[in-house]
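In what follows, a structure is listed as structure tokens, so that the remarks can point back to it.
The values are calculated or read from the model by the stated rules, or taken from the named source; none is laboratory data. Keep in mind that what you see is a predicted model, and the values were worked out from it rather than measured. Reconstructed Cβ throughout: ideal geometry from the backbone, glycine too, with neighbour counts over all protein chains shown. Surface accessibility is based on the protein's heavy atoms, side chains included, excluding ligands, DNA and RNA. Shrake-Rupley method; radii C 1.70, N 1.55, O 1.52, S 1.80 Å.
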Amino acid sequence: TSPTQEERYYRTMKIAIATDTNSGITALEGEKLGVYVLAMPVNLEETIHYEGIDITSEQLYDAMRQHREVSTSQPSPGDVTALWDKVLAEYEELVYIPMSSGLSASCATAQMLAEDYEGRVFVVDNHRISISQKSSAWDAVALREAGCGAQEIRRELEASGLDSIVYVGVETLEYLRRGGRVTAGAAAIGAVLQIKPLLKIEGELLDACAKVRGTAGCKKKLLETIRGDAERLSAKWDIDIAVAGSYQDAAALEDWREMAVNAFPEHGGIFADPLSFSV
């Protein structure tokens, strides 16, 4: 039988939802949404900072422009369990939504850590990052409010995990070179010719799907690629579209959103987020 309103209320009260800043959800947004947020570490010349806590996007991009050593990594097991212990002091169960297992080992690490929590922590691997990961957190909250248990929330999120595609236009090949995804020679040629790769994250796969000249061309091609996939997929599903960007200027991020609105006038609810540091 379906749970009563009172049963749904108490079930909601005992289940916590948590994710990390790869979702683009800040600590303040998390408080409003009812989601706990783990800050991801950022290594700046061998000093560890935490996204949104002691390093801002402006500081990150300044360091990148100065060609300082910058990298991101998965959170330490101690940081993960410290958050879980804090949450579980108030709640009976926790649904934890890390970034995609195809992009980081942080999901596998969390799954291993959860084994010590006697069935109280449910780690979701639904293959998402950035805005699509944020969407998973929204869905988790909605499922909790509908009276779903933690195990059911995980099952539903993982069942729909592959129903998203992320497209990434890359301004510089430098960090792809450092990560071993392109060769030094290809990065050098790309810099000279102003070649911008367009990447596509679908499920666990990160692949290059196009190469264009210049930033404006990259944005145009990105929207054209989304249009093609959206038209194909809309025959089976309702499509939601959102954009993110590594912009310090809020007006520049709004301009990017307006480009998407003009490309998809039928999707009036398109919103824009700052891009999470790992992406």
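Screening Glu258 on (1) over 22 Å from the mean Cα position of the chain (by Cα); (2) modelled with pLDDT of 90 or more shows it passes everything except condition (1).
The residue of region 241-262 that is surrounded by the most Cβ atoms within 10 Å (Cβ to Cβ), among those that are part of a loop (DSSP other than H, G, I, E, B) and small (Gly, Ala, Ser), is Ala242.
Anything in region 263-279 that is surrounded by 12 or more Cβ atoms within 10 Å (Cβ to Cβ) and either in contact with a His (Cβ under 7 Å, 6 or more places away or on another chain) or more than 18 Å from Leu222 (Cβ to Cβ) (or both)? List them, or say none. Reasoning before the result, please.
Just the residues of region 263-279 that are surrounded by 12 or more Cβ atoms within 10 Å (Cβ to Cβ), to begin with: 263-264, 267, 270-279.
Once the filter is applied, which keeps residues that are surrounded by 12 or more Cβ atoms within 10 Å (Cβ to Cβ) and either in contact with a His (Cβ under 7 Å, 6 or more places away or on another chain) or more than 18 Å from Leu222 (Cβ to Cβ) (or both), region 263-279 yields Phe277, Ser278.
The number of residues in region 35-54 being part of a strand (DSSP E or B), under 20 Å from Thr19 (Cβ atoms) and open to solvent by less than 30 Å² (accessible area, probe 1.4 Å) comes to 4. Scanning region 127-138 turns up at least one residue that is open to solvent by 50 Å² or more (accessible area, probe 1.4 Å) and either under 21 Å from the mean Cα position of the chain (by Cα) or at negative phi (or both). List the pairs whose first member sits in region 63-89 and is open to solvent by 50 Å² or more (accessible area, probe 1.4 Å), whose second member is assigned to a helix (DSSP H, G or I) and among the basic types (Lys, Arg), and whose Cβ atoms are under 8 Å apart, counting only residues at least 6 apart or on separate chains? That search, which allows pairs on different chains as well, returns Ser71/Arg178. Across region 224-240, a minimum of one residue is classified as hydroxyl-bearing (Ser, Thr, Tyr) and in a helix (DSSP H, G or I).
Of note, Tyr96 does not satisfy the criterion of being modelled with pLDDT of 95 or more, in a loop (DSSP other than H, G, I, E, B) and surrounded by 14 or more Cβ atoms within 10 Å (Cβ to Cβ).
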